[in-house]
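Q: Here it is: the structure, laid out below.
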Amino acid sequence: ENQGQHGASPSLVTNITLFRQSATSRGTLSGDTHQACVYVSKGTTLRLDSCDIISAGEGVAATSTDCVVHVHASNIHSVLSSFLSGAGSSLTACRITAATSVVDESSSEGSSEDELDAMNPSGFAHLFAAVTALSGEVRIVNNRIVNGFAHGVVLFNSAHGQIHDNLIANNIGAGISVGASSTANITNTIVANNASVGIAMCGRGVISHSDIQGNMFNGIDVSQRYTTRDYFNAHEDEIDEDRDVEEEFSAFLLGVDEQYDVDSTSPVKHDSDVTISACVVHDNANDGVCVTGGAKVNLVNGCELFANAASDLAVDRGRVRWDRGLSIAGRRVDRFTNDDNDDENRVNTVRVLGSQSSVTPTLFGVLRSRSATSIVPPSVQRFAVSSA
């Protein structure tokens, strides 16, 4: 980190309070000019250390070409996204409280619906996340991402997230959401008490040594369906069993990926390969681990699933492989059966639906060598926005 992108020394800002008093409710993701308190311009490398950032718009935005930002040991409180960045950036040892899912009505007074749609071609100007990775590898390590009014962490447009040693809790949306073209390595992270799904995986990745608990929908949701799931409002008592419960957020992720021309033949987009290793998934308001839409999941190295409201493991048109360390409802699994009466203690803890679903054992130890760094990042598709 001694050199910037083009050989120049990176700029350093430390021990300062930065404040943005006003901003519009439409930020970088809706195609407008940025609304950031700190904006990193093209070809620049910036390090923020021990700063307080308070913003009526976005906190830190580094979305221009060849720019990088490293934020360390800082507090960011913003109305829109707190940290919005692309390849090579990092967020470490920070406290993040951010994001709103409601458009400010006063900012749009006098505008017709058509005018608002023209300002916001994606239709998701109000859908923000506290931390958003737009492309390339981004490190999100040792942070507290809490009490936000939208999603905690979002990866899309071929982003690769190294997400380690974080607390992601009490957010209104999903804790972590990974888009169809993106990948993530999630390790030693607590994802708890979010008002929707804990971790939503539409792409590929490894989730290891993490605790996913108390979320208001599924604990870990792995899906390759090309519909959408409403990760803001999906709650167990609102599920319509006659249709897919996938409405808003995945459409946003998939739509952005398609908008920026991710290769449609990429196996990252069309095939999920998620390994869940040595995780504890419990006390979520719907399923503990839910695998749907052709997704492929490995449950290895002593995962524990218990006390989830609907079922601990649900598979609907998906494939799950497990090793003998798997524990469901407090009991080690040695086999699965479609006959609930075969094991009265396992009634309602495992749900396998449809002829296209499978839950099969793997040879003991075959998958144990897969580490949290084994997922290869996707090729970078640059997300360019106006810097005016």
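Q: Among the residues of the range 270-281 satisfying the criterion of being assigned to a loop (DSSP other than H, G, I, E, B) and surrounded by fewer than 24 Cβ atoms within 10 Å (Cβ to Cβ), which is modelled with the highest pLDDT?
A: Selected residue: 278.
Q: Please determine, by comparing only the residues of the range 41-57 that are more than 23 Å from the chain's Cα centre (by Cα) and not in a strand (DSSP E or B), which one is surrounded by the most Cβ atoms within 10 Å (Cβ to Cβ).
A: Top of the filtered list is 51.
Q: Just need a number here: residues in the range 146-173 that are closer than 14 Å to residue 212 by Cα and either charged (D, E, K, R) or surrounded by fewer than 24 Cβ atoms within 10 Å (Cβ to Cβ) (or both).
A: 5
Q: Condition first: open to solvent by 10 Å² or more (accessible area, probe 1.4 Å), over 19 Å from residue 203 (Cβ atoms), in a loop (DSSP other than H, G, I, E, B) and in contact with a strand residue (DSSP E or B) (Cβ under 6 Å, 6 or more places away or on another chain). Now tell me which residues in the range 282-327 satisfy that.
A: The answer is 283, 301, 307, 308, 310.
Every residue, every condition in (1) of a type in the set (Gly, Ala, Ser); (2) modelled with pLDDT of 85 or more; (3) buried (at least 21 other Cβ atoms within 10 Å of the Cβ), yes or no:
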residue	(1), (2), (3)
1	no, no, no
19	no, yes, no
25	yes, no, yes
59	yes, yes, yes
64	yes, no, no
72	no, yes, no
75	no, yes, no
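Q: Of these, 116, 84, 80, which one is hydrophobic (A, V, I, L, M, F, W, C) and modelled with pLDDT under 65?
A: From the options 116, 84, 80, the qualifying one is 116.
The values are calculated or read from the model by the stated rules, or taken from the named source; none is laboratory data. This is a predicted model, so every value here is computed, not measured. Glycine gets a Cβ as well: all are built from the backbone with ideal geometry, and neighbour counts include every protein chain shown. Heads up: the accessible areas ignore ligands, DNA and RNA and are worked out on the full protein's heavy atoms, side chains in. Shrake-Rupley method; radii C 1.70, N 1.55, O 1.52, S 1.80 Å.
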